[in-house]
1. For the stretch 160-190, what are the residues that are within 23 Å of L126 (Cα to Cα) and polar (S, T, N, Q)?
2. Please go through (1) surrounded by 12 or more Cβ atoms within 10 Å (Cβ to Cβ); (2) over 45 Å from the mean Cα position of the chain (by Cα) for N136 and return the number of the only condition it doesn't satisfy.
3. State whether one or more residues within the stretch 124-147 are in a helix (DSSP H, G or I) and either among the small types (G, A, S) or in the same structural domain as V175 (by TED's automatic domain parsing) (or both).
4. Could you grab me the full set of residues in the stretch 94-142 that are charged (D, E, K, R) and farther than 30 Å from N189 by Cβ?
5. Sort out which residues of the stretch 139-154 are surrounded by 13 or more Cβ atoms within 10 Å (Cβ to Cβ) and either at positive phi or out of contact with any Pro (no Cβ under 6 Å at 6 or more places or on another chain) (or both), and write them in order of number.
6. Counting only residues that are aliphatic (A, V, I, L, M), surrounded by 15 or more Cβ atoms within 10 Å (Cβ to Cβ) and modelled with pLDDT of 85 or more, how many does the stretch 94-129 have?
7. Quick check on my filter: what residues within the stretch 161-192 are in contact with a helix residue (DSSP H, G or I) (Cβ under 7 Å, 6 or more places away or on another chain) and either outside any strand (DSSP E or B) or not assigned by TED's automatic domain parsing to the domain that holds Q134 (or both)?
Amino acid sequence: MVLLQHLEQGIRPITRYYNPMTYSNTHASLLHGFPSTAATSSSKLFFRNSAMKQKSKVESKEIAAKKHSDAERRRRLRINCQFATLRTILPNLAKQDKASVLGETVRYLNELKKTVKDIEMAAPRLEDDLKLSQCNRGLAKVVFSCSDRKGLMSEIAESLATTKGKAVRAEIMTVGGRTKCALYVQGVNGNEGMVRLKKALKPILNRDLSKNNRITTFHQSS
């Protein structure tokens, strides 16, 4: 009995420094080849890296969203500026909404295209050209392009006189030193009259301009 009491007294100081949970964790860590403090540090580092990666992804998404928002705002600003410019250009704009502006723009562009086409049709050709067509009985249409020069209409009148034809209408356009003339000639009957008219007018296109220029220069110098 006395021996048992001495043994208990000797064990009590040991229990002050011995914790079974601590010992078992330490012992288990040693069995796995590393101490418990290293395992705790590794866990903290792992969670810290995961948190940083998650934060980085969130920040990247926020930056991408902000860039997209800025680009969209700039795009809308450019569109609104272009609409404002169109509103000042379009001549017959009744409404100011975007749909009306686009509709009027399409209409105006089509009108401009038609105008350009009409001008191209009416403008003189770059090469000399002569075309005749029969409008109705006794009336012929003559269209020709040639270099513009002084006395051109007098030459046409003299040529028509040889065919006994009479010009009842003339449409003339001169652009860049070229002239296009549409003549409506009365008194031209049948194919024979058309051939005679073409033969009379053709020399006007083939006129030697250099000779005329030499004569004009000679008169000016005199």
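1. Keep residues of the stretch 160-190 that are within 23 Å of L126 (Cα to Cα), which gives 170-184.
Within the stretch 160-190, T174, T179 meet the criteria.
2. It is condition (1) that N136 fails.
3. No: the stretch 124-147 contains no residue that is in a helix (DSSP H, G or I) and either among the small types (G, A, S) or in the same structural domain as V175 (by TED's automatic domain parsing) (or both).
4. The answer is K95, D97, K98, E104, R107, E111, K113, K114, K117, D118, E120, E127.
5. The first filter runs over the stretch 139-154 and keeps only residues surrounded by 13 or more Cβ atoms within 10 Å (Cβ to Cβ), leaving 139-149, 152-153.
L139, A140, K141, V142, V143, F144, C146, S147, D148, R149, L152, M153 - these are the residues of the stretch 139-154 that are surrounded by 13 or more Cβ atoms within 10 Å (Cβ to Cβ) and either at positive phi or out of contact with any Pro (no Cβ under 6 Å at 6 or more places or on another chain) (or both).
6. If we filter the stretch 94-129 for residues that are aliphatic (A, V, I, L, M), which is where we start, we get 94, 99, 101-102, 106, 109, 112, 116, 119, 121-123, 126.
Next, from what is left, pick out any that are surrounded by 15 or more Cβ atoms within 10 Å (Cβ to Cβ): 101, 123.
Going one step further and asking which of them are modelled with pLDDT of 85 or more, we end up with 101.
Going through the stretch 94-129 one residue at a time, the tally reaches 1.
7. T162, T163, G165
The values are calculated or read from the model by the stated rules, or taken from the named source; none is laboratory data. Given the structure is predicted, the values throughout are model-derived calculations rather than measurements. In this analysis, Cβ positions are derived from the backbone assuming ideal geometry, glycine residues included, and neighbour counts consider all displayed protein chains.
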